[in-house]
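Trainee: Below you'll find the structure I mean.
Every number in this text was worked out from the coordinates using simple rules, so none of it is lab data. As the structure is a computational prediction, the values presented were derived from the model and not from experiment. Reconstructed Cβ throughout: ideal geometry from the backbone, glycine too, with neighbour counts over all protein chains shown.
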Amino acid sequence: MPTLPNEDAAIMAMAEIPSDTSKGHMNETRSLTTTTTPPHGEEHEHISDDDLKNLRRVSGKIPWVAFTIAFVELCERFSYYGTTVVFVNFLQQPLPEGSPTGAGFDGQSGALGMGQRASTGLTTFNQFWAYLTPLLGAYIADAHLGRYKTIHIAILVAIIGHIVLTASAAPSVIAKPNTSIGVFSVGLIIFGIGTGLFKSNISPLLAEQQVITKIKIETTAQGERVLVDPAVTTSRIFLYFYMCINIGSLVGQIAMVYAEKYVGFWLSFMLPTVMFLIAPVVLAIFKKKYRLSPPTGSVLSKFFRMWTTAMKGKWSLNFVKMKREFTWDSVRPSLIPVAQRPAWMTYDDAWVDEVRRGLMACKVFTFLPLYWLAYGQMTNVRFRGRCVGKSAYTTTEPHKSSSNYEPTRGA
C-alpha cells in the first residue's frame, strides 16, 4: 500500500474548536459563536448542549486552494515512489545481455548486479534516511523559514537528487558499476534530504488553509439543521489529500516499472524528475492565495531543552532507578522562581502536562519496529522468488507491477 510509509507521513492537524463555558451557565450554552448567517435560516449566536449532542455534523466548504496543495503532493509521491520502485532491480540484477540501458524486455531488467545484500542495505538506508530528515525539515520551518519557503527548498534539493540519480543510470555510466554506485549513493542522500524537508511541511501547510475554527449551525435546503464542524471539514480535506497520495504513488510505481522494462532505468528516474518540476510552478502561481504562517520557534528544540533539564542529575545505568527519580515538577514554571527561569522557558504548566501525555501515548508505538522490519523487507524478499527458476520472469508484465494492485483488493 503506497500510503503506509507516509505517510506519510502525514501529520493530520485537526482544526481547534474553542469552547469556553461561561460561569453560571455550565449546562445551558457554550460560547461557540458564529458571525456567519446560514444560507437558509436565522443567525445562531449560541449552540446548546442538546444541539451539540444531537445534530448531525457535516463538512463545511473546502477552500479550493487546498486542492492545489494536494496536487503538489500527488506530484511528489509520483516522483518518490516512481523512483524508488526500481531501486532493487537497478542495484541487485546484472545488466541484461545486449541492453545498454538495463531494459529487460522479455527478461529481467537490471543494471549494477551487486546482489541481494547491497540491494537490501541501500533500500533500507533510503527508508531510514527519508524518515530521519523530516525532523530537520520541521525544525527549519518552525524556527527559521516557515513552511512555504522550506517546501520550495525541499523541492530544489529533491530535484538535484533526482538529476544525480538519473545520471547514475545513463548508459555510459551503468557500464561502469563502481562509478554508477558512487553516483547513485550521492544522489540517494540528496534525494532523501529533499524528501524529508518536503514531507514534514506539506501536510501542515494544507491544514493551515482551513480558516473556519468554530462550529456553527446551518439549515440545509431540505430544512435540516446541521452542525458545520471544522474538524469534519479538516478530515474531508485530508481524505482528498490522501486520495492524491494514492493516485500519485500508484501511477508512479506502475508506470516506472514499464519504463524500466522497455526503455531503461534512465527513463524511470527522469520522468519522476519532470513530474516533480510541476510542483514549484503550482505553488508559485497560487502563493498569494495561501494562508502562510510565519515561523514561531521550534517545539522540538524547546522539548529537548525541557527534557534534558528534567533529567539533570538523574542519569543512571539503572533504568528502574532513573525512572523512579524522574519528575516533571523540576521543569514546571510555576515551581521555579521567575529570576531562575531560563530564557527558553516560555511555556506554562499545561504545556508540560501535554508533553507528558504525548510521551505516554507513544507507548502504542512500541511494537511498530517489528512491523516495519517485516514491511520494509517485502520488496527485497520478493526477489528471492528468482531462485525457483527463470520462468517467473519471462512474462511481458513487469513483476514489480503486480504488487501495486494489492490495495485494490481491499476496495
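Trainee: Can you run phi through the Karplus equation (6.51, -1.76, 1.60; θ = phi - 60°) for the range 257-263 and list ³J(HN,Hα) in whole Hz, with x for Gly and Pro?
Mentor: Using θ = phi - 60°, the values come out as 5, 6, 4, 4, 6, 10, 10 Hz.
Trainee: Rounded to whole Å and ordered largest first, report the semi-axes of the equivalent ellipsoid of the range 51-207 derived from its Cα gyration tensor (root of 5λ).
Mentor: Values for the range 51-207, descending: 38, 18, 14 Å.
Trainee: Sticking with this structure for a sec: For residue 58, which sequence-distant residues (separation of 5 or more, or a different chain) have an amide H within less than 5 Å of its own amide H, given hydrogens modelled in the peptide plane?
Mentor: When sequence neighbours closer than 5 places are left aside, the close amide H contacts are 227, 228, 229.
Trainee: Also, quick follow-up: Taking 37 °C and 0.692 mPa s as the conditions, I'd like the Stokes-Einstein D for the range 299-366 in µm²/s, using the Kirkwood hydrodynamic radius from alpha carbon pairs.
Mentor: For these conditions, the coefficient is 251 µm²/s.
Trainee: Among 345, 326, 265, pick out the residue whose Cα is farthest towards the positive end of the charge dipole of the range 254-383, where Lys and Arg carry +1 and Asp and Glu carry -1 on C-beta, about the Cα centre.
Mentor: The residue sitting farthest along the positive end of the dipole is 345.
Trainee: Give the order of 326, 198 when sorted by the count of other beta carbons within 10 angstrom, beginning with the fewest.
Mentor: By the 10 Å Cβ count, ascending, the order reads 326, 198.
Trainee: Of 53/214; 149/288; 199/363; 53/216; 149/302, which ones are farther than 19 Å apart at the Cα?
Mentor: Long pairs (Cα-Cα over 19 Å): 199/363; 149/302.
Trainee: Further question: Test of the criteria: in the range 193-270, which GluC sites (Glu not before Pro) are in a DSSP loop and have at most 15 other Cβ atoms within 10 angstrom of their Cβ?
Mentor: For GluC sites (Glu not before Pro) across the range 193-270 that sit outside H, G, I, E and B with at most 15 neighbouring Cβ atoms in 10 Å, the list reads 224.
Trainee: What's the exposure ranking of 375, 290, going from fewest to most Cβ atoms within 10 Å?
Mentor: Going from least to most buried by this count: 375, 290.
Trainee: With N denoting the number of residues in the range 29-297, provide Rg(C-alpha) divided by 2.2 N^0.38 Å, to two decimal places.
Mentor: Taking the Cα Rg and dividing by 2.2 N^0.38 Å, one obtains 1.28.
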